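All of the numbers you see were taken from the coordinates with simple rules; none came from a lab. As the structure is a computational prediction, the values presented were derived from the model and not from experiment. When we count neighbours, we look across all protein chains shown, and the Cβ atoms used for this are built from the backbone with ideal geometry, even at glycine.
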């Protein structure tokens, strides 16, 4: 995922540029983010309070996008190249 931008996460690839784009791009990014959060939130156990599920889902999606971006920016020998 890290080294194959064509099959990787488009949110990680474009996150730093969205703010410089127009409202339509920003709205599209926000919509895709919300879809990812909602999908993850629904997959979490019912025993977790709804507000906690939401927070966990947001943090997990944030972390995923950030981890991919940091990995792409870092040295391949340190973070490992994807195969």
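For segment 10-75, how big is Rg over Rh, using alpha carbon atoms and the Kirkwood form of Rh?
Reported Rg/Rh, Kirkwood definition of Rh: 1.05.
For segment 10-75, what does the relative contact order come out to in percent, with C-alpha contacts under 8 Å and a separation of six or more?
38
How do 14, 26, 43 line up, fewest other C-beta atoms within 10 Å first? Don't skip to the answer; put the middle values down first.
On the way: 14 16, 26 13, 43 9.
Ordered from fewest to most neighbouring Cβ atoms within 10 Å, 14, 26, 43 come out as 43, 26, 14.
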